[in-house]
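The values are calculated or read from the model by the stated rules, or taken from the named source; none is laboratory data. Just so it is clear, the model here is predicted, and its values are computed rather than measured. Cβ placement follows ideal geometry from the backbone for every residue including glycine, while neighbour counts extend to all protein chains displayed. Surface areas here come from the heavy atoms of the whole protein model, side chains and all, with no ligands, DNA or RNA. Shrake-Rupley method; radii C 1.70, N 1.55, O 1.52, S 1.80 Å.
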Amino acid sequence: MRMGVLALLWGSGFLWIKVALDHGLSPAQITFARCALGALVLVVMAAWARKRLPRDRTTWGRLAVAAFFCNALPFALFSIGQQTVDSGVAGVLNATTPLWSLLIGLAIGTERKIRPVRLAGLLLGFAGTLLIFAPWQQGGLTSWGALAILAAAASYAVAFTYMGRKLTGKGSAPIALSAAQLLAATGLSTLALPVAGTSTSDITLVGVLAVIALGVFATGFTFALNYRLIADEGATNAATVGYLLPVVSLTLGALVLDESLTPRVVIGMLVVLIGVGLTRRQKGTNSLSPLVDAPPAGTTREPRLRTDRVN
């Protein structure tokens with residue numbers, strides 16, 4: 001039940017973005033509100049758990065970099081992209097993050113040897129993305145909006161690689177780091193408001209409620225629930241949620257927003273998910289590798305986020 005609730009909350013983020021856009025909020029306003037509300041939730045939870053936020057300048061400098069690539073930039077790109085792209089398609093394009101992570105790993109040398117099954121998954125994933133875009137058709141999804149969402153997924157991959165090297169496993173509690181990171185993202189997104197405009201004349205109550213749901217539930221509470229699920233049921237079981245998000249985004253988009261999907265796009269989405277699944281396979285096992293590294297048995301160290309975690 002908890003896994004279903006987590007998938008619903010997390011996957012609903014694309015729906016809330018679309019609703020907020022349709023009811024008067026700009027991408028900059030959505031990005032700021034999402035960061036601020038998510039930060040508020042996590043700061044309260046960190047205080048409740050008695051986990052102190054980082055205090056040294058070095059960590060805050062690294063958090064600012066992570067906040068830009070993991071929060072401020074991709075949140076803005078998703079909001080920009082969903083002005084022209086359906087929420088269901090956005091959810092599937094977001095699932096390409098592990099593909100970008102694998103490419104980055106090959107580029108910087110952390111992935112020194114790629115097995116054939118993972119290479120096949122990488123090629124299959126991007127083939128599915130190409131099928132969704134359909135650049136050979138005039139009515140394909142090759143647009144600035146779709147490219148912005150794909151860039152957001154790549155930004156997540158850059159952020160997770162950086163966070164894995166500079167932030168995780170350094171002794172700070174994950175919930176405190178996440179709260180601090182969203183505080184930094186709030187500051188960064190505030191800087192964009194004067195440039196992007198702060199007009200509120202077209203904002204409706206529905207738009208306000210949608211962005212509150214996005215920030216509080218789809219951003220703040222999802223982390224806490226995911227962390228609890230990892231602690232109770234293990235990282236491998238919790239990893240399953242990442243593959244349910246596109247299903248949730250597609251279902252909500254069709255039921256709530258009446259979004260239609262062509263057979264070509266549906267096939268492309270299935271190909272993307274199969275490709276992502278192949279890239280996540282562990283050597284010598286039949287299971288998918290976890291989104292979060294679990295602590296060794298018998299220790300009290302808190303779980304460490306993997307650098308290729310799906311959004």
### Summary
Expected single match for among the charged types (D, E, K, R) and either closer than 30 Å to Leu122 by Cβ or buried (at least 21 other Cβ atoms within 10 Å of the Cβ) (or both) among Arg34, Arg2 is Arg34
### Query
Restricting attention to the stretch 97-111, and to residues there that are free of Cβ contacts under 8 Å to residues at least 40 places away in the same chain and in a loop (DSSP other than H, G, I, E, B), which single residue is surrounded by the fewest Cβ atoms within 10 Å (Cβ to Cβ)?
Gly109
### Summary
When every residue in the stretch 117-136 that is part of a helix (DSSP H, G or I) and modelled with pLDDT under 80 is compared, the one surrounded by the most Cβ atoms within 10 Å (Cβ to Cβ) is Ile132
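Need at least 1 residues that are of a type in the set (A, V, I, L, M) and modelled with pLDDT of 95 or more per element, so show me which helices (runs of 4 or more DSSP H) inside the stretch 168-239 make the cut, counting only ones lying wholly within it.
Where helices (runs of 4 or more DSSP H) fall fully within the stretch 168-239 and carry at least 1 residues being of a type in the set (A, V, I, L, M) and modelled with pLDDT of 95 or more, they are 174-196, 205-215.
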### Message
Anything in the stretch 87-96 that is part of a helix (DSSP H, G or I) and closer than 11 Å to Phe126 by Cα? List them, or say none.
### Response
Leu93
#### Entry: Of residues in the stretch 63-73 being touching a Phe, Trp or Tyr at 6+ places or on another chain (Cβ under 8 Å) and at pLDDT 95 or above, the one nearest to Ser260 (Cα to Cα)
Phe69
### Subset of the stretch 164-189 [closer than 17 Å to Ala107 by Cβ and open to solvent by less than 40 Å² (accessible area, probe 1.4 Å)]
Gly164
### Query
Can you tell me which residues in the stretch 54-74 are surrounded by fewer than 20 Cβ atoms within 10 Å (Cβ to Cβ) and more than 17 Å from the chain's Cα centre (by Cα)?
Arg55, Asp56, Arg57, Thr58, Thr59, Trp60, Gly61, Ala64
### Query
If you check every pair at least six apart or on different chains, which have Cβ atoms under 9 Å apart with a residue in the stretch 255-278 that is farther than 19 Å from Lys18 by Cα first and a residue that is open to solvent by 90 Å² or more (accessible area, probe 1.4 Å) and of a type in the set (Gly, Ala, Ser) second?
none
### Message
open to solvent by less than 50 Å² (accessible area, probe 1.4 Å), part of a loop (DSSP other than H, G, I, E, B) and without any contact (Cβ under 8 Å) to a residue 60 or more places away in the chain: is that true of Ile114 in this structure?
### Response
yes
### Query
Based on what the data block shows, is Lys113 of a type in the set (D, E, K, R) and closer than 21 Å to Thr279 by Cβ?
yes
